[in-house]
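The values are calculated or read from the model by the stated rules, or taken from the named source; none is laboratory data. Every value quoted in this text rests on a predicted model; they were computed, and no experiment measured them. Cβ sites come from the backbone with ideal geometry, for glycine too, and all protein chains shown count toward neighbours.
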């Protein structure tokens, strides 16, 4: 029997993109004859916890005490033997990693099981360190190739890239969620063409067309007046999500459009952002983490959706907005640049360099926001086209079909 084991890590990404990816994949796997399980590593439990669901099991594996390199290595050495107790070696096993784990862990799995190993690249460590500045990464890589001296911090960064290369060498197939990541690793010459493919994320179409009365009811529930123009952002409150640039842009918008109100959904360091929002504090609302139903409430009543990351591997939030017919404004970077066609199904703003750092062009972002506020007909056109692109390219059934084809191709006898 073919058994798929999805391997996750218990961190906050499970509440955002990787969590949504896992939910969608479960939805697809339930419709197949495959057996499947989920293993959640570094879970906040004191001992192994097993939860039986109707179609699959979920294993919560406690974290190894401490976080230094030696203990992380010990944890990765121990896990394959635990897996040996949890999963039958007689199954046609496919281990599907949603995180980068050590190459030693993957190598040991392959010695203990007759299995195949997949890795989905949801994010890259180097991009988190450099805020997606590939120009700097390529320059550093060229320095190393030319034998030039680099600093200790630069050596640490190159070790991250080297670790990625080691992991890529061990897995049977790498799944990238967007083209730009392939281009990045190809430029660093650490990819073999036969070992990767691109599988865009997909979403279950949950859009419901609401009447004006229903939208008014949602506004009333959240005490939002009818005359306010709702700008909506959702994502972790990290610098890489471009939130600083958005707040700066919004304060420019308010000078001409005082009816605008910015709602920000997501967890993070509110104190720094509150200090930056001081002169617009009555016009910016921090919502914290929203459950899916609350998030979709705001997608349904918002006038403009904004996803202005400095770097984004894919852009699931932007896709959710497009599914809900929201006119979206995104930064022209990473996966966001691939999802949105400027002027067709959304608007793009550039990433610029300020004091040597990548940042959102806040002036251009403000200009695009004002344009959509002043031209609701254009916003409606963009939103309708956005939904059409979602249905044509990113609806869940297409993602599911591609993933099932990939799992079926993983023949452990080859």
Quiz item: If we scan region 344-356, do we find a residue that is over 30 Å from residue 136 (Cβ atoms) and touching a residue at least 12 places away in the same chain (Cβ under 8 Å)?
Solution: yes
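Quick check on region 344-357. Is at least one of its residues over 22 Å from residue 247 (Cα atoms) and at pLDDT 95 or above? First the steps, then the outcome.
Of the residues in region 344-357, the ones over 22 Å from residue 247 (Cα atoms) are 344-345.
Still in the running and at pLDDT 95 or above: 344-345.
Yes, region 344-357 contains a residue that is over 22 Å from residue 247 (Cα atoms) and at pLDDT 95 or above.
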Quiz item: Does residue 240 fit the bill of being within 25 Å of residue 336 (Cα to Cα) and surrounded by fewer than 16 Cβ atoms within 10 Å (Cβ to Cβ)?
Solution: no
Quiz prompt | Matching residues in region 244-264 - criterion: being in contact (Cβ under 8 Å) with a residue 60 or more places away in the chain and within 27 Å of the chain's Cα centre (by Cα) | solution = 244, 245, 246, 248, 249, 250
Self-check item: residue 287 touching a residue at least 60 places away in the same chain (Cβ under 8 Å), closer than 21 Å to residue 329 by Cα and out of contact with any helix residue (DSSP H, G or I) (no Cβ under 6 Å at 6 or more places or on another chain)
Solution: no
Practice problem: Identify all residues within region 3-14 that are at pLDDT below 90 and surrounded by 14 or more Cβ atoms within 10 Å (Cβ to Cβ); write none if there are none. | Solution: 9, 10, 13, 14
Exercise. Tally the residues that are over 11 Å from residue 1 (Cβ atoms) and surrounded by 13 or more Cβ atoms within 10 Å (Cβ to Cβ), restricting the search to region 79-92.
Key: 7
Quiz item: In region 260-274, how many residues are closer than 28 Å to residue 374 by Cα and loosely packed, with under 14 Cβ neighbours inside 10 Å?
Solution: 1
Practice problem: Within region 20-34, work out how many residues are farther than 13 Å from residue 403 by Cα, surrounded by fewer than 19 Cβ atoms within 10 Å (Cβ to Cβ) and in contact with a strand residue (DSSP E or B) (Cβ under 9 Å, 6 or more places away or on another chain). | Solution: 1
Quiz item: Could you list, in sequence order, the residues of region 238-271 that are more than 18 Å from residue 310 (Cα to Cα) and outside any strand (DSSP E or B)?
Solution: 251, 252, 253, 254, 255, 256, 257, 258, 259, 270, 271
Self-check item: helices (runs of 4 or more DSSP H) (entirely within region 148-237) containing at least 1 residues that are surrounded by fewer than 16 Cβ atoms within 10 Å (Cβ to Cβ) and assigned by TED's automatic domain parsing to the domain that holds residue 335
Solution: 212-221
Quiz prompt | Yes/no for residue 137 being in the same structural domain as residue 151 (by TED's automatic domain parsing), more than 18 Å from the chain's Cα centre (by Cα) and at pLDDT 90 or above | solution = yes
Exercise. Write out, first by first residue and then by second, each pair whose Cβ atoms fall under 7 Å of each other, whose residues are 6+ apart or on separate chains, and whose first residue, in region 72-84, is within 14 Å of residue 115 (Cα to Cα) while the second is at pLDDT 75 or above.
Key: 80/105; 80/108; 80/109; 80/112; 83/109; 84/112
